[in-house]
Amino acid sequence: MSAPLFGLLLAGGRSTRMQRDKAGIEYDGQPQLARAMALLAPLVVRAFVSVRAEQRGDPQRSAYECIVDALPESGPIGGIHAALHAHPGAAWLVLACDLPFLDAATLQQLIAARDPARIATAFRSSHDGKPEPLCAIWEPASAAAVEAWLATGQRCPRGLLAQADVALLTLRAPQALDNINTGPEYAAARARLEGAAPPAPARRLRVQYFALLREQAGRSEEAVSSRARNARELYAELRAARGLKLEPAQLRVAVNEEFADWERPLADGDTVVFLPPVAGG
Amino acid sequence: MNRFRFSNAALDTAALRTELADPACGGYAAFEGWVRDHNEGQRVLRLEYEAFAPLALREGERIIAEATDRFGIRGALCVHRLGALALGEVAVWVGAAAAHRDEAFRACRYVIDEVKHRLPIWKKEHYAGGDSGWANCERCAAAGGADDGHHEHGHAHAPRR
């Protein structure tokens, strides 16, 4: 008889690339952690959130049963290790917190194909064919393999499953396990899930003013956050905001200290200068 | 040393000339642009120049390189003043040295023409009576951008080929 299936949502990451807590980012108005727990809980006997010690007081996480990492700074495998030791008789459906496209059908496919005779059941990555350790079922027998893996100084759970006796499945929905690590990936994922076109992100630009434009703008430079796609749109915005009186036809544009076209796409961090009619000599 | 430069102080044209000294050169031509006491019917008392220096330095260097290529001169140099200038001061200086006089004259003329058209440099004129205005801008602005054909437009232009 197979071990009872518990659920473990990994929410102890530092989200360094995202620069905000991934557990709290929202899709359709629901934080990712709550979304994932709502998927997981109905499919398992008990569902837990894996946390680092300092996250125990976090209200979002403490709304659920938590398992605290025993090994600091060991990443996801530390969370899996803690769960296997907290409840040695259970198998664990382990989930990462940053899988916005994960759905119940994918989890049901995994559970239906579970092979308790192996140390784990996992999907093959749609990207590299290797086992996906963070949407996988880890059997009680995997505890010894995890111990051995950690004892050799290794931390990567994917590496562990790649060399272990694992049942491997093919994803029915190839995108189901795409994860989200950066702000732009998050924006694209939200757009996909919420059916909206991704908005042009605001760019941080520096604008310098010279001569007549400097006098009209009342400043020699400013930092601007703008969704303008090019210099033409930026000038239209600034013209309205600053009361600039020169027509675009009278001006030339420089971006990052070189002449540029009005239509050239602007990038974050660009310095833009609108050049009034020149009068050297 | 850069072949196009800015200066905040009065130009020492004799010293600039010696920078071009070259025993292989038989011809040297120089141009000085001076601060004039009138412009477009107004009495001018003094001027102020300002520039978008990083771009102007780069573009100025390109102009000198173009003149060198086109006319086969051995050396050229241009210095433009910035800040406040009094009547009679040298606002811009160009020197060109070549084996023969023709290349020197032509290169000198090319450099000053291109500098006036292409470099992001602006001139504010202060008039008798207290008014002031940016040369090539104010009438442009009043005309709503239409080129009325009666004054020299000072838009920065792409290099003429």
Whole-number value, in Å³ per residue, for the convex hull of the alpha carbons of the protein assembly as shown is 231 Å³
Shape call for segment A:112-165, from the Cα gyration tensor axes a ≥ b ≥ c (a/c under 1.5 means rounded, otherwise prolate when a/b beats b/c, else oblate), comes out oblate
Asked for the total accessible area buried by A and B (1.4 Å probe, Å², nearest 100), one would answer 2500 Å²
Nearest 10, in degrees from 0 to 90: the angle of helix A:76-86 to the longest Cα principal axis of chain A is 30 degrees
Which of B:Gly75, B:Gly41, B:Gly83 fluctuates most in a GNM of chain B (C-alpha springs under 10 Å)? That residue is B:Gly41
For chain B, averaging the sequence separation of alpha carbon pairs under 8 Å that lie six or more residues apart and dividing by its residue count, the contact order in percent is 30 percent
Interchain or sequence-distant (5+) residues whose placed amide H lies within less than 5 Å of the amide H of A:Ser125 are A:Lys130, A:Glu132
Cα-based Debye curve of chain B sampled at q = 0.21 Å⁻¹ gives log₁₀ I(q)/I(0) of -1.37
At the level of C-alpha centres, the distance separating segment B:46-89 and segment A:134-169, in angstrom, is 69 Å
Taking a straight Cα-to-Cα line shorter than 17 Å from A:Lys130, and setting aside same-chain aspartates and glutamates fewer than 8 residues away, one finds A:Asp165, A:Asp178
Counting sequence-distant residues (5 or more places) and residues on other chains, those with an amide H built under 5 Å from that of B:Val35 are B:Gly88, B:Glu89, B:Ala91
In degrees rounded to 10, the 0-90 angle between helix B:101-118 Cα long axis and the longest Cα principal axis of chain B is 30 degrees
For B:Lys123 the rounded accessible area (nearest 10 Å², probe 1.4 Å, non-protein molecules ignored) is 40 Å²
For A:Leu169, the net charge from surrounding residues (Cβ-Cβ under 14 Å; K, R +1; D, E -1) works out to +3
Going residue by residue through segment A:211-220, the Karplus relation 6.51 cos²θ - 1.76 cosθ + 1.60 with θ = phi - 60° gives ³J(HN,Hα) values, rounded to whole Hz and with x marking Gly or Pro, of 6, 4, 5, 4, 5, 5, 7, x, 6, 9
With DSSP loop assignment and no more than 10 other C-beta atoms within 10 Å, the GluC sites (Glu not before Pro) in segment A:1-103 are A:Glu73
In whole Hz, the Karplus estimates of ³J(HN,Hα) for segment A:56-72 (6.51, -1.76, 1.60; θ = phi - 60°; x where Gly or Pro) are 4, x, 5, x, 5, 7, 6, 5, 10, 5, 10, 10, 8, 4, 8, 9, x
Rounded to the nearest 10 Å², the accessible area of A:Glu263 using a 1.4 Å probe with every protein chain kept is 100 Å²
Over chain B, the sum of -39500 (n - 2.57) across DSSP H runs of at least four, divided by residue number and rounded to 500 deg cm²/dmol, gives at 222 nm -9500 deg cm²/dmol
Taking chain A and counting helices only, DSSP H stretches of n ≥ 4 at -39,500 (n - 2.57) each over all residues, the nearest-500 ellipticity at 222 nm comes to -8000 deg cm²/dmol
For B:Cys108 the rounded accessible area (nearest 10 Å², probe 1.4 Å, non-protein molecules ignored) is 10 Å²
Of every hundred units of 1.4 Å-probe accessible area on chain A, the number belonging to carbon and sulfur atoms, as a percent, is 52 percent
Interchain or sequence-distant (5+) residues whose placed amide H lies within less than 5 Å of the amide H of A:Tyr27 are A:Gln32
Listed by chain and number, the lysines with an alpha carbon less than 16 angstrom from that of B:Lys124, same-chain partners under 8 positions apart left out, are B:Lys116
Regression test value, accessible area per residue of the protein assembly as shown, probe 1.4 Å, units Å², expected 47 Å²
Percent relative contact order for chain A, counting Cα pairs under 8 Å at least six residues apart, stands at 15 percent
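The values are calculated or read from the model by the stated rules, or taken from the named source; none is laboratory data. The model shown is predicted, which means the values in this text are computed figures rather than measured ones. FYI the Cβ positions are ideal-geometry reconstructions off the backbone, even for glycines, and counts take in every protein chain you see. Heads up: the accessible areas ignore ligands, DNA and RNA and are worked out on the full protein's heavy atoms, side chains in. Shrake-Rupley method; radii C 1.70, N 1.55, O 1.52, S 1.80 Å.
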